[in-house]
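Rule-based calculations on the coordinates, nothing more; no lab input. Keep in mind that this is a model prediction, so the values were computed, not measured. Positions of Cβ are backbone-derived with ideal geometry, glycine not excepted, and every protein chain shown enters the neighbour counts.
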Amino acid sequence: MVTSFTLVMGLVVLTIGAELLVRGASKLALAVGLSPLVVGLTVVAIGTSAPELVVSLQSTLRGQPDVAMGNVLGSNIFNVLFILGISALIIPLRVSQQLIRFDVPLMVGLSVLVMVFSLDGRIGRVDGALLVAGLIGYEAWAVIKSRKEQAGITAQYEAEYGTEPAGNSSARLLVSVLVLIAGLVLLVLGARWFVDAAVLLARQFGVSELVIGLTIVAAGTSLPEVATSIVAAMRGERDIAVGNVVGSNLFNIMGVLGISSLVSTQGVAVSNTAIELDLPVMVAVAVACLPIFFTGHLIARWEGGLFLAYYVAYTAYLVTAATVPAVNRTLSIVMIGFVIPLTVITLAVAVVRYRRASSASDADAETHGG
């Protein structure tokens, strides 16, 4: 009874925190001259990834590397498949040029890099130091780049929200920061309540630590991203909705995994199961973003539904393989031999259709121009 009440209260607090976070982030972007995308990639992404950092650090220090690693891998898979999927079902998500040209390819590259780092069965301290250095450089680049575009951003906001009244700018900035911080605190608190209750229930049913990390802990610590992206999508803040997911994945790899590897003298151990299945899935999910993001610069509802369906299939596979080991090999063959080729074909069809539509549009423009 108490556990169920904690679960419900966690969801309520998460929802309130997400609303405050999106409001505060939108106003903060206007106040300091940053684009909504950059705020989503930096401030919002780091804030909503705070639960992942806390859980992974605690798990590493307590000698539970499977939970720490599973949390990062599971969160990145969950962020793309579930959060982008459900957000796109609510409203098709516009994808900016910056994400297509830089941030998503970076996410793919880092996912591959982590898989390479893991081949020796451990993310060591040197690996962690490289990841953290990359995070510092990335965050600095994102802010500096956005500040250089301040004039265009100001014009964009004025067209959408109207001209801000002169005076009291410091007071408005302070209020935006306080609202954002309040949202983050509520998000972290709500996620912690939910995760603690969910892990307690899972252990009562005898579920392994890796599966707990990949599913319940990963989904629970990603609830801030879920709430934030859904609320942002519903409020029309599509850049924040998409930037939050991509930014959170980048922070999970460079920040959460990097810092966890640094604080442990032995680094973060990586199990054979994670190397053989979950790391390749994380890379595949990141790669799948490329054609979807690039076709029309829009994540359509059917693409969101596809992502969501694959997350359900992946989770069902994990739970079934853990509880019914006899069907593990059969499920692996189904996942590799049917689901993956089907995804590749679907994405290829989307790219071909987009190219044909673009060619027809260009031909039509030339005809009318001529």
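In whole angstrom, and with the biggest value first, how far do the Cα coordinates of the range 66-153 range along each principal axis?
Dimensions of the range 66-153 along the principal axes of its Cα atoms: 46, 33, 19 Å.
Under the rule a/c < 1.5 gives rounded, and otherwise a/b versus b/c splits prolate from oblate, where does the range 98-149 land using the Cα gyration tensor?
Details: a/c = 6.64, a/b = 1.85, b/c = 3.59.
Oblate is the answer for the range 98-149, as a/c is 1.5 or above yet b/c matches or exceeds a/b.
Could you give the Stokes-Einstein D for the range 226-288 in µm² per second, using the C-alpha Kirkwood radius, 25 °C, 0.890 mPa s?
Values: Rh = 13.7 Å.
D, rounded to a whole number, is 179 µm²/s.
So if we plug the beta-carbon distance of Val263 and Leu174 into 1/(1 + (r/R0)^6) with R0 = 30 Å, what FRET efficiency do we get, rounded to 0.05?
So the FRET efficiency works out to roughly 0.35.
Starting with the highest mean, order 172-182, 306-316 by the number of other Cβ atoms within 10 Å, averaged over the residues of each peptide.
Output ranking for 172-182, 306-316: 306-316, 172-182.
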